[in-house]
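The values are calculated or read from the model by the stated rules, or taken from the named source; none is laboratory data. No experiment lies behind these values; they were computed from the predicted model shown. Neighbour counts are summed over all protein chains in view; Cβ atoms, including those assigned to glycine, are modelled from backbone coordinates with ideal geometry.
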Amino acid sequence: MTTPLYWGFYGHQLINRYAVYLLPPEMVVFFKPHIEYLSTHAVDPDNRRYMIPEEGPRHYIDLDRYGVPPWDSLPRSWSKAVEKFSADSLQQHGLTKAFHDHDRQRVLKLAAEIGHYIADAHVPLHACSNHNGQYTGQKGIHGLWESRIPELLAEKEWDFFIGKAIYIDDPGKFIWERVEESGRASDTVLTMERQLTSQFPPDQKFAFEERKGVLIRQYSSAFSQAYDQRMKGMVERRMRASILAVASFWYTAWVNAGMPVLKEEGF
């Protein structure tokens with residue numbers, strides 16, 4: 001069974017795509033024509049994990065190793081957050097500087113990759129040491145939460161009419177609040193799956209499905225949807241929060257750069 005350890009290529013691409021529509025018209029004029037780039041390259045940080053050893057730790061923080069909420073011993077400075085959640089693309093003023101310098105290609109690259117790290121911060125299993133249920137006999141739960149459920153439900157049932165991007169006064173405080181929310185939810189993610197597994201017919205938990213001509217074993221639709229219902233829509237809420245956060249970080253960087261005039265072909 002495949003067990004991707006991320007929002008899933010589908011999820012990350014969807015988050016960046018929907019984030020574009022939360023931007024003001026002055027930004028949409030540039031971002032929308034490049035929406036395919038922003039979606040496709042949302043997964044670049046995950047692709048780098050297979051080539052750059054130090055990339056992997058940038059996607060996780062094991063909050064449970066720092067005590068209990070509110071994790072007072074953990075540094076909250078922006079520089080420390082950057083160390084945890086980004087590659088070179090997510091630096092203080094990185095995207096802002098690209099806007100200010102009218103660096104079209106760098107704006108697109110940084111916007112796409114920043115979207116990835118911000119989205120990861122909204123995932124409960126990125127904020128605990130038991131990333132994939134490896135300590136509790138729940139291996140595969142990461143892919144179930146991040147990939148399987150969104151692929152089954154996102155476009156058919158979820159609502160992505162979220163509103164508009166907001167200006168973030170304190171980016172460091174904002175992202176740490178999201179990380180702490182994820183950390184607090186991690187126990188629920190694990191407990192709910194364990195409870196459902198104990199009550200679900202064992203022969204119906206998994207199913208074989210064909211993908212790109214290959215037959216794979218994965219969580220059944222019935223189990224995945226029952227798990228989503230048991231969590232009362234947590235995955236949808238976190239994806240919606242991710243979309244708003246990504247759009248808001250893009251918007252904040254643009255405002256901080258002096259709101260340069262954007263055009264379809266560049267600026």
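Some observations on this one:
- Qualifying residue in the range 237-247 (condition: farther than 28 Å from residue 98 by Cβ, in a helix (DSSP H, G or I) and of a type in the set (D, E, K, R)): yes
- Only one of the numbered conditions (1) assigned to a loop (DSSP other than H, G, I, E, B); (2) surrounded by fewer than 18 Cβ atoms within 10 Å (Cβ to Cβ); (3) at pLDDT below 95 is violated by residue 97, and that is (1).
- Flag if residue 164 is outside any helix (DSSP H, G or I) and either over 20 Å from the mean Cα position of the chain (by Cα) or of a type in the set (Lys, Arg) (or both): yes
- Matching residues, the range 152-180, being surrounded by fewer than 18 Cβ atoms within 10 Å (Cβ to Cβ) and of a type in the set (Asp, Glu): 155, 157, 159, 169, 170, 177
- The number of residues in the range 17-55 that are more than 30 Å from residue 208 (Cα to Cα) and either surrounded by 14 or more Cβ atoms within 10 Å (Cβ to Cβ) or at pLDDT 95 or above (or both) comes to 22.
- Selection count where residues are touching a Lys or Arg at 6+ places or on another chain (Cβ under 7 Å) and either outside any strand (DSSP E or B) or of a type outside the set (Phe, Trp, Tyr) (or both), scope the range 179-215: 3
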